[in-house]
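Below is one structure, written out as structure tokens; the observations come after it.
The values are calculated or read from the model by the stated rules, or taken from the named source; none is laboratory data. No experiment lies behind these values; they were computed from the predicted model shown. Cβ coordinates were reconstructed from backbone atoms using ideal geometry, including for glycine residues, and neighbour counts include every protein chain displayed. SASA here: full protein model, heavy atoms, side chains in, ligands and nucleic acids out. Shrake-Rupley method; radii C 1.70, N 1.55, O 1.52, S 1.80 Å.
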Amino acid sequence: MNKDILVIGAGPVGIYTAKCLAQRGYEVRLLEKRPEMAKQVCCTGLISTECAAKYGFEAEHVQNIFSEAVVYSPNGQKLLLKRDTPQAIMLDRGGFQAGLLKQALNCGVQTNFGCQVNGLENTGNGIRITTKGGQTFFAKAAVLAAGYNTELSRAAGLGEIKHFAFGLQAESHIAAPSGLALFTGNAISKAYFGWLSPINDHTAKIGLLTRTNPHECWSTLHNVLHERNLIPPGHIRYTCRQVPAGNLSASFGDRILAVGDFAGQLKPTTGGGIYFGLLCADLAISCLDKKIKTGNLSKAEMAEYEKDWKSLIGFELSAGRMLNRIYAGLNDYLIEQIFKKCAVNGMIDKMAAKSQLGFDWHGKAFAHLLKNPLDLIRS
């Protein structure tokens, strides 16, 4: 089964990459280990208005729009983060993904679901991929977009991402209409936070991201939400997945590029991967298009892709990880003190007025504050 390009992984970044390559005239095959497209995905689906403006999303896939959020301290102090314009859009991730797949199929992408890759080899004039089911595929190049997958990254000679977090999520009935709410504290999450993201007045996505003890953290979050009358009593079934907290040794090889969560291209502070993944997919598509046309897909040539994406988001990843490490070192007492400080002198309103404090570019905001530590308290 020969194709120009094989894309492994049918998440948003993989499907988008396959679609765009097909639009450029390439024969593309998309391989996915799941037997069918997942309807429920462990992802909140929050994207920025910046991301929505750049890539466009069908209105039918938009579940909610947020211009504010309430952030809770470990002991229940509240801070309201608010702006006059929408800051985040919540997508129906499953529906969005299915719609994107339909677009890809209409562009000529061929798919193989239930197809788990267990072998990848550069034959000298192409890539040979084998699956656990005994199938073999050949192509000029391959794009790896299979999410967090150390087995495949090692097989491709790209090393592995050694650090990761756990993401847990479920949909639940809510006791009353609610806005977007975030929950801090080491019992709920180590290094990250929990959330309640309303889909409508009756249902919400609840979840958390944590470095350690995911199931214990889920129990704590569930109890906190119930005690504050945000959700009704009762057990809630949830899904759990590993979320990369680092990058591969290399995101390129002979005839190979890695994109999205597979390469660790996601926001270190929140684990959000849609926007950064799509931005890097654009660079991978451009690089592959250029190299296939020249006939040179050597590792040295493919290195251009990593140079480009690190130029775009490399600083953001480094600064975001530094910010994440600082936050991970805070105990609940210090978090409470920060909440108390932020609650006085209109500091939150001043933060909201700062253009550097965007939904996506947390590293840039962190760097700005390091250079201008008094900026938030000036009148």
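Determine the relative contact order of the chain: mean sequence separation of Cα pairs under 8 Å and six or more apart, normalised by residue count, in whole percent.
Values: 769 pairs, mean separation 67.6, N = 379.
Averaging sequence separation for qualifying contacts and normalising by length gives 18 percent for the chain.
If only the Cβ of Lys and Arg carry +1 and only the Cβ of Asp and Glu carry -1, the dipole of segment 24-85 around its Cα centre is close to 200 debye. Checking the table K19/K102; K78/K340; K162/K307 against a 18 Å threshold on Cα-Cα, which pairs fail? Among K19/K102; K78/K340; K162/K307, the Cα-Cα distance tops 18 Å for K162/K307. Measuring nothing but protein heavy atoms, the accessible surface of segment 63-131 at 1.4 Å probe radius is 44 percent carbon and sulfur.
Computed FRET efficiency, Cβ-Cβ of L334 and S219, R0 22 Å: what is it to the nearest 0.05? E between L334 and S219, to the nearest 0.05, is 0.40. The residues H235, H222, sorted by heavy-atom accessible surface at 1.4 Å with ligands and nucleic acids left out, run H235, H222 from largest to smallest. Surface calculation, 1.4 Å probe, protein heavy atoms: I274 sits at approximately 20 Å² accessible. Residues of segment 68-111 falling in the label zone of E227, defined by backbone nitrogen less than 11 Å from a point 7 Å along Cα to beta-carbon, are 74-76. Given a 1.4 Å probe and the protein chains as shown, F193 ends up with an accessible area of around 40 Å². Computed about its Cα centre, the charge dipole of the chain is approximately 500 debye, with only Lys, Arg, Asp and Glu carrying charge at their Cβ. Across all C-alpha atoms in the chain, the radius of gyration and Dmax reach 21.4, 67 Å. Membrane-span-like helices in the chain, defined purely by DSSP H runs whose alpha carbon atoms cover 18 Å or more axially and whose average Kyte-Doolittle hydropathy reaches 0.0, are 274-294.
Residue pairs exceeding 25 angstrom between C-alpha atoms, taken from K33/K290; K190/K267; K132/K291: K33/K290; K132/K291. Taking every protein chain into account, the 1.4 Å probe leaves V13 with about 20 Å² of accessible area, to the nearest ten. Here the simple spin-label model places points 7 Å from the Cα toward Cβ, and for Q116 and R128 these points are separated by 2.3 nm. The fraction of accessible area contributed by carbon and sulfur in segment 232-342 is 56 percent, rounded to a whole number (1.4 Å probe; ligands and nucleic acids excluded). Solvent-accessible surface of the chain, averaged per residue with a 1.4 angstrom probe and all protein chains in place: 45 square angstrom.
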